[in-house]
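Single-structure report; data block below.
Only the coordinates and a few stated rules stand behind these numbers; no lab work does. Here the structure is a predicted model, which is why all the values come from computation and not from measurement. All Cβ positions, even for glycine, are placed from backbone atoms using ideal geometry, and neighbour counts span all protein chains on display.
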Amino acid sequence: MTSPATAPAVVDAPTPRSDAPRATKPRSVRALPYLLVTPAVLALLVGLGYPLYWQVTNSFKEYGLAQQFGQAPEWVGLANYVELLTGSQFWAVLLKSVAFMAVTALVTMALGIGLALAMKAVNRWARLSLQVAMLLAWAMPIVAQMTVWNWLIDSRNGVLNYVLSLIPGVDMIGHNWLVNPWSFFAVASVIITWAAVPFVALSVYAGLTQVSGEVTEAAQLDGASGFQMLRRITLPIIRPILVILLLLQMIWDLRVYAQIELLQGFGAAGDKYDLLGTYIYGLGIGQGHFGVAAAAAMIVMVFTIGLSWFYVRELLKEDN
Amino acid sequence: MTRRHSLGRRIGSVAIFAVALLWAFPVYWMINSSFQSAPTISALEPTWLPFGGTWRNYSAVLDGSSGFGQAMRMSLMITALSLVVCIIFAFLGALAISRFKFRGRKSFVLAIIIVQMLPAEAMFIAQYKMIAGLNLLNTVIGISVIYIASVIPFTVWMLRGFVAGVPADLEEAAMVDGCTRFGAFMRVTFPLLAPGLVASGVYAFIQVWNEFALASVLLTSDASQTLPLWLRTFAEPSTLGMIEWGQVMAGSVLVAVPVIIFFLIVQNRMTSGLVGGAVKG
């Protein structure tokens, strides 16, 4: 799911091992854990396992005109992958998506860390007001975020154009922000950043509050400057959080679908405005090239799982 | 020296307050615009405060013809079904991994984590083909099957922490006092888990209630729209290119407010949860 709230919470209580089954336990007790996991496993197999299986196998099959008339899809080996990787369009969309991800994730991280550090340094009332504002932005459902921003940037009555036009010599009334592809992606990036910074800022701030006062005091006594303390002490201590947050942002920003889809609906349809998510959707459900779409989805999947691997390792450490 | 320090702090505080206003502005603007009449909202000069506003946008949205009520019913049915099934299944799974040591436990935990990393956006095509093959497009059951599978992993992971937090000794003590294993669980552990179940339930609720992307693929008919889909349709320009911004914003407020309230209930757990383990070591 797409909401930035999906960060898996790592609850730190260790797993109790006190009642490990002893050899003397009756068979029914030994079967119990398996019975308990069965419903969840079945649900996962139906909702995710089968689609995954379908996707892997169908990425090697051809869906053409004949299949629309009911013929079974033909096995074509790697042809779909070859078609994607030798054509220019997939590469163009992939590059655009990676660039979009890199810029959005880095800006989000930089703003989030900056605001978290600022929250530590300012008065209580200022900090509280920022926390409340961020929670509001973070809690907004994606579709509501998009309708509101679409209203803010509305060409005729939007507040953005009105405020910009207050600058002497600038007249933006009537300017449509969604026509030029660069401007379209900039708008998408700003909205996603606006919604994602709260998660980063509040998480980093929570991490900063756990940096013990003794350490910073000791450094101060040794004559460290503010910048030195930040670089040599604070940042290294919260590094694990920063790594997790950066990975999550990269994964989420690469997968972005809903925001792009909605912005296209509001103003600008066409492949010029596609990122990977909408591109795959168009290939598959739009044009019926299910085999090629499945292959494209597989490439994205392998890519994201590669990114996630480090994150999974961190989570597994928590389980032990 | 100290004076300059406190002056800097004061300037910083004002700057952060300004950032807070900027961040909250879109949310404020949504609420403000939702109270303005069509002529006020299409005036060249924006109206900055909602004084002298009107409830008419809200009555227009809540009126039967807008489709809001229908979408609300659909959202409620899908969310209720997904939530109940997900919480029961996830709870049983969480019990298994935090109370028992069994062959395959590690693989199950690993699967739970890896499944969360599958990009949902890359699975739509396959899920669409599966649900279409079962003739379940535009049905509550069809989309709920996928939602349940998508939310279970995180819910198991979250509940596992709560179950582990209730010491097994308590249960054993009750068993020594004559309870059966099941009785001990129901009387001792289960009540202690209530807050955890509520938190995970609220979390799952937000996920399902807000979901847009998969719904846009699986629920294509007008009659089966959920609230996010309804809002999308409602916010798109009419054939004449006109948008009733006041009504669109009133619709957005109605969609967003319940989520914001629920979100504020669980948010603390979401940030502190992620970070808690990371620094302590």
- [ ] May I ask you to derive the relative contact order of the range A:174-269, considering only C-alpha pairs under 8 Å and at least 6 residues apart, and to give it as an integer percent?
- [x] 42 percent
Task: Descending semi-axes in Å of the range B:219-268, equivalent ellipsoid built from Cα gyration tensor - done: 26, 15, 6
- [ ] Evaluate Rg over Rh across the range B:182-269, taking Cα atoms for both radii and Kirkwood's formula for Rh.
- [x] 1.19
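As a test of the formula, what do you get for chain B when each DSSP H run with n ≥ 4 contributes -39,500 (n - 2.57) and the sum is divided by the residue count, at 222 nm and rounded to the nearest 500 deg cm²/dmol? Display every interim value, and only then the final one.
Details: 13 runs with 210 residues, N = 281.
The helix contribution divided over chain B gives -25000 deg cm²/dmol.
When Lys and Arg each count +1 and Asp and Glu each count -1, what net charge do the other residues less than 13 Å away from A:Gly291, Cβ to Cβ, add up to?
Values: positive: A:Lys61, B:Lys129; negative: A:Glu62, A:Glu74, A:Glu83.
Net charge around A:Gly291: -1.
Please report the equivalent ellipsoid semi-axes of chain A, computed as sqrt(5 x eigenvalue) of the Cα gyration tensor, largest first, in whole Å. Before the final figure, lay out each step's value.
Working: eigenvalues 291, 257, 62 Å².
Square roots of five times the eigenvalues give 38, 36, 18 Å.
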- [ ] Quote the relative contact order of the range B:67-235 in percent (integer), defining contacts as alpha-carbon pairs under 8 Å separated by 6+ residues.
- [x] 40 percent
- [ ] Note down the nm distance, to one decimal, between modelled labels 7 Å out along Cα→Cβ at B:Thr239 and at A:Ala121.
- [x] 5.8 nm
TODO: Taking amide H positions as placed in the peptide plane 1.01 Å from N, state which residues far from A:Lys61 in sequence (5 or more) or on other chains have amide H under 5 Å from it.
DONE: A:Val76
- [ ] Evaluate 2.2 N^0.38 Å with N set to the residue count of the range B:1-134, then give the Cα radius of gyration divided by it.
- [x] 1.83
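If you count, for each residue, the other Cβ atoms within 10 Å and average over each peptide, how do B:89-101, B:33-45 line up from highest to lowest? Walk me through the numbers on the way to the answer.
Details: B:89-101: 23.2, B:33-45: 16.7.
The densest-packed peptide leads the list: B:89-101, B:33-45.
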Open item on the list: In whole Hz and in residue order, list the ³J(HN,Hα) couplings for the range A:147-159 that follow from phi through the Karplus curve 6.51 cos²θ - 1.76 cosθ + 1.60, θ = phi - 60°; x for Gly and Pro.
Closed with: 5, 5, 5, 4, 6, 4, 9, 3, 5, 8, 10, x, 5
Open item on the list: Starting from a Cα-only point model with no solvent, please compute log10 I(q)/I(0) by Debye for the range A:156-246 at q = 0.10, 0.15, 0.16 1/Å.
Closed with: -0.52, -0.74, -0.77
- [ ] Let me have the relative contact order for chain A, percent, based on Cα pairs under 8 Å that are six or more residues apart.
- [x] 29 percent
Open item on the list: Given R₀ = 35 Å, what would the calculated FRET efficiency be for A:Leu85 paired with A:Asn180, taking r from the Cβ atoms and rounding to 0.05?
Closed with: 0.75
- [ ] Using label points projected 7 Å from each Cα along Cα→Cβ, tell me how many nm separate A:Val302 and A:Gln71, to one decimal.
- [x] 2.8 nm
TODO: Note the full-extension length gain between A:Asp171 and A:Tyr50 as 0.36 nm times their separation in residues minus their Cα-Cα distance, in nm to one decimal.
DONE: 38.1 nm
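Let me know the mean shielding of A:47-59 by other chains, meaning the per-residue number of their Cβ atoms within 10 Å of its Cβ. Let's see the in-between values first.
Values: counts 14, 13, 3, 4, 12, 6, 2, 7, 9, 1, 1, 3, 1.
Mean number of neighbouring Cβ atoms from other chains: 6.
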Open item on the list: Give the average over all directions of the projected area of the C-alpha convex hull of the range B:67-235, one decimal, in nm².
Closed with: 11.4 nm²
Open item on the list: Taking the Cα centroid of the range B:46-96 and of the range A:254-320, what is the distance between the two, rounded to the nearest whole Å?
Closed with: 27 Å
Task: Axial C-alpha extent at least 15 Å, average Kyte-Doolittle at least 1.6 - helices from chain B (DSSP) - done: B:68-99, B:140-165
- [ ] Tell me the Kirkwood hydrodynamic radius of the range B:2-59 in angstroms, computed as one over the mean inverse distance between distinct C-alpha pairs.
- [x] 13.8 Å
